[in-house]
1. For the stretch 243-259, enumerate the residues that are open to solvent by 20 Å² or more (accessible area, probe 1.4 Å) and part of a loop (DSSP other than H, G, I, E, B).
2. Looking only at the stretch 35-71, count how many residues are within 18 Å of E187 (Cα to Cα) and buried (at least 20 other Cβ atoms within 10 Å of the Cβ).
3. What are the pairs, 6+ residues apart or on separate chains, where a residue within the stretch 127-140 that is in contact (Cβ under 8 Å) with a residue 60 or more places away in the chain has its Cβ under 6 Å from a residue that is in a helix (DSSP H, G or I)?
4. Select the helices (runs of 4 or more DSSP H) contained entirely in the stretch 1-73, then report the ones holding at least 1 residues which are closer than 17 Å to G84 by Cβ.
5. Could you please find all residues in the stretch 179-214 being polar (S, T, N, Q) and out of contact with any Gly (no Cβ under 8 Å at 6 or more places or on another chain)?
6. Can you tell which of V168, V119 is assigned to a helix (DSSP H, G or I), modelled with pLDDT of 95 or more, open to solvent by 40 Å² or more (accessible area, probe 1.4 Å) and out of contact with any Gly (no Cβ under 8 Å at 6 or more places or on another chain)?
Amino acid sequence: MDANTGRGPLTGVHDVEWARLAPERGDEIPGLLQTVAQGGGGSMEAVTALYDILRHPGPGYAAAAEAARFLADIACHPDTAAPGEALSLLFELVVPVPLAVVPQSWDLDLWRDEVAWAVAADPEQAREQYRQWCAEAPDEQSYRRMSARYGVLGRDGGAALLQAELDVRTAVTERAEALAGLLEGRENRRGMNSTAEWAASVLAFLPEAAGHAVPRIRARMVEEARRPQDAAAGLRMQDEWRQALPAEMVALGMLADASDATATVALVKELESGNLYRSFAAGCALALIHGENAPEQALAKLAELGDTRVGFTALFNDAWPHPGVVEPVVLGYVALGRCRGAAAELRAAILPGALAHAGPTAAAVVGEALESVLGPRTAPEDPAEAMEKALTEGGDGEPDRLLRVLWAVAELPAADWDEHGVGDVAEAWSLPADRAGFRDFVGVDEEEDVEPAAEAVDAAGSAEGLATQPKTSGEGPTGLLGRLFGGN
């Protein structure tokens, strides 16, 4: 590949001190990159091997920035047979802690200053500072971000790994224009997991690349909106690749500014397109762009589509990235926290699916859920008091929502409590840290399958319906319900 010109994507690959950056297996990296660049048999195995070497927060991640440069160049080179394979690994390197970068994008200048301080500071001093920042985190995203960095600093060379994460983003941002070019062309846009989909997912998490990605995606949507709706069916199928991909709409939502009226109008048109998956992606994009001021019609459409037989999980799977162990429905649930109270009811509806697919990320999802109904962990509101206040002051279904959130957490499998730190999260809100105690607090019957509290509220149509919820004895409701509404 460009062997005679010296300008191929792997030019200089042997000049990097891979063994120093990744002492255990660094010497394998040049050959593996070559295999990825050539494509064909063995390239996906090479991607997997590179991930094992470079994965965050292992010591090999110190080599990630250098590897990212070559992976981006491989993906953007016209002779690369399977650019998506390089992009899939690039995405994992750029977004090593996905739930730390949503719902709000980071202040890049502040991040640079923070990393510079951590690199220069005494390791123990830096770690203690991050421990304190964890304890004082004003919201769950800040807590996730500081906790991740606290964990990294507990490793040998931890500050260098923090620097590497910043360097990866810098290296890929330098190639943002070329990566945005991968959104164009029939070949890049064909098939499942297309090159354009992967490129959109990478760019979505690089706010500094918005100037390259947003105009391309927006122009494609405007062009599609201008197409005659009565065009021949055959022509529509032939030109289907010209449409904005759901992944591009999500990227537009992550990157576009609320003042971008052109993007908003194009997304609203797509929202009403009648295509289940594309409408859902457009609704997500509108919610992400406008946050607390998200259009009511977008949030309503998301709730409507999620209530179909397809369901939220499948809809998120179609449009959102799947970074490592973080399922798309989990990423989407957390990202929609950008809307705060405007999407509270929508997120409560998504929560059961997010928890069902949370796995190792269960603690993060539970933290988001509890914050949404009880406020920040640093100043939590007592659940019983929150319920009583909501009942007294009225509102738009807040008592029901609080119950549904607590109920969904209570129904998590025991393994999530034991293995994934859910109990520690519950304790941060002064809730029982053991599953049995939490279920007793909420009033979940251990002995029989029960319906969610929300269904009983809908059936009864009043607060009195809450008193018919599951009981742990024949004497009356217990747990939170019993304390609120009496034992008999």
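1. Within the stretch 243-259, Q243, L245, D257, A258, S259 meet the criteria.
2. If we filter the stretch 35-71 for residues that are within 18 Å of E187 (Cα to Cα), which is where we start, we get 37-40.
Next, from what is left, pick out any that are buried (at least 20 other Cβ atoms within 10 Å of the Cβ): 37.
Result for the stretch 35-71: 1.
3. Here the result reads A137/Y143; A137/M146; E140/G367; E140/E368; E140/E371, each pair linking the stretch 127-140 to a residue that is in a helix (DSSP H, G or I).
4. Working: elements: 18-21, 29-38, 43-54.
Output list reads 29-38, 43-54.
5. Narrowing the stretch 179-214 to residues polar (S, T, N, Q): 188, 193-195, 201.
Result: N188, S201.
6. Details: V168 fails: open to solvent by 40 Å² or more (accessible area, probe 1.4 Å).
After applying the criteria, what remains is V119.
Residue-wise test of (1) under 30 Å from A369 (Cα atoms); (2) among the basic types (K, R); (3) touching a Cys at 6+ places or on another chain (Cβ under 7 Å).
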{"residue": "R25", "(1), (2), (3)": "no, yes, no"}
{"residue": "A37", "(1), (2), (3)": "no, no, no"}
{"residue": "Y51", "(1), (2), (3)": "no, no, no"}
{"residue": "I74", "(1), (2), (3)": "no, no, no"}
{"residue": "F91", "(1), (2), (3)": "yes, no, no"}
{"residue": "V101", "(1), (2), (3)": "yes, no, no"}
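Table: residues versus (1) without any contact (Cβ under 8 Å) to a residue 40 or more places away in the chain; (2) within 15 Å of V168 (Cα to Cα).
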| site | (1), (2) |
| --- | --- |
| P30 | yes, no |
| T48 | yes, no |
| L54 | yes, yes |
| A86 | no, yes |
| L89 | no, yes |
| P96 | no, yes |
| V102 | no, no |
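The values are calculated or read from the model by the stated rules, or taken from the named source; none is laboratory data. Here the structure is a predicted model, which is why all the values come from computation and not from measurement. Here Cβ is always computed from backbone atoms with ideal geometry, including for glycine, and neighbour counts include all displayed protein chains. Accessible surface is based on the protein model in full, side chains and every heavy atom, while ligands, DNA and RNA are left aside. Shrake-Rupley method; radii C 1.70, N 1.55, O 1.52, S 1.80 Å.
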